[in-house]
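Since the structure comes first, as structure tokens, the remarks are kept for the end.
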Amino acid sequence: MTVLAILDTTVIVAGVLASHPHHAPCRQHLQAAAATPGTYRCSTHAIAEAFRVLVALPLAPRIDAAGARLVLRTTIIPRLDPIALTMKDYDAALDLVCASGLGSGAVYDALHLLAADRAGAKWLVTANGKHFNRLAEVAKSRVRVVDPAASN
């Protein structure tokens with residue numbers, strides 16, 4: 001099956017939080033993932049990062065670790081069939097960040113982009129397009145960066 005898109009953490013988090021300002025367009029991607037298995041995926045890194053963000057957000061009521069785990073296990077992992085990253089991917093991400101001139105946090109974005117390239121995805125869906133566009137340019141990636149909030 002052809003992978004259409006890799007979803008990054010920003011889309012996963014917004015897609016599961018009804019109170020998030022970008023919930024509707026991000027949820028559409030999660031719904032498309034459920035409707036067409038295998039066409040929307042994420043990296044294993046996105047699962048860990050989404051867990052961290054969901055637990056850390058200052059929501060009322062807060063999402064505890066068990067609640068975040070439940071959402072990821074029941075909603076995200078089955079729909080997005082995460083792509084396992086390797087040490088080679090992490091090494092390539094470090095090289096890409098150094099070549100891009102971006103800051104240290106860009107390594108996390110680079111991991112999403114490398115997963116998209118490895119999966120042969122057409123799109124990388126993110127609410128943080130600026131960094132991804134720079135990384136994609138430096139990596140000479142054919143993956144198109146798509147911001148779900150901008151398309152609405």
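The values are calculated or read from the model by the stated rules, or taken from the named source; none is laboratory data. Note that this is a predicted model, so its numbers are computed, not measured. Don't worry about glycine lacking a Cβ; one is built from the backbone with ideal geometry, like all the others, and counts go over all protein chains shown.
Of the numbered criteria (1) part of a strand (DSSP E or B); (2) surrounded by fewer than 18 Cβ atoms within 10 Å (Cβ to Cβ), the one L124 fails is (2).
Can you confirm whether I63 is more than 12 Å from L7 (Cα to Cα) and of a type in the set (V, I, T)?
Answer is yes for this residue.
Going through region 131-152 one residue at a time, which ones are in a helix (DSSP H, G or I) and either touching a Ser or Thr at 6+ places or on another chain (Cβ under 6 Å) or among the basic types (K, R) (or both)? Correct list: F132, R134, L135, V138. For region 1-45, the tally of residues that are surrounded by 22 or more Cβ atoms within 10 Å (Cβ to Cβ) and in a loop (DSSP other than H, G, I, E, B) stands at 2. None of L70, L111 is buried (at least 16 other Cβ atoms within 10 Å of the Cβ), aliphatic (A, V, I, L, M) and at pLDDT 95 or above except L111. Of all residues in region 95-112, those satisfying the criterion of being closer than 17 Å to T44 by Cβ and without any contact (Cβ under 8 Å) to a residue 40 or more places away in the chain are V107, A110. For region 46-63, the set of residues classified as among the charged types (D, E, K, R) and outside any helix (DSSP H, G or I) consists of R62 only.
For region 91-106, how many residues are touching a Leu at 6+ places or on another chain (Cβ under 7 Å) and modelled with pLDDT of 95 or more? Here the count works out to 3. Selection of region 128-145 for residues being touching a residue at least 60 places away in the same chain (Cβ under 8 Å) and surrounded by fewer than 20 Cβ atoms within 10 Å (Cβ to Cβ) yields only N128.
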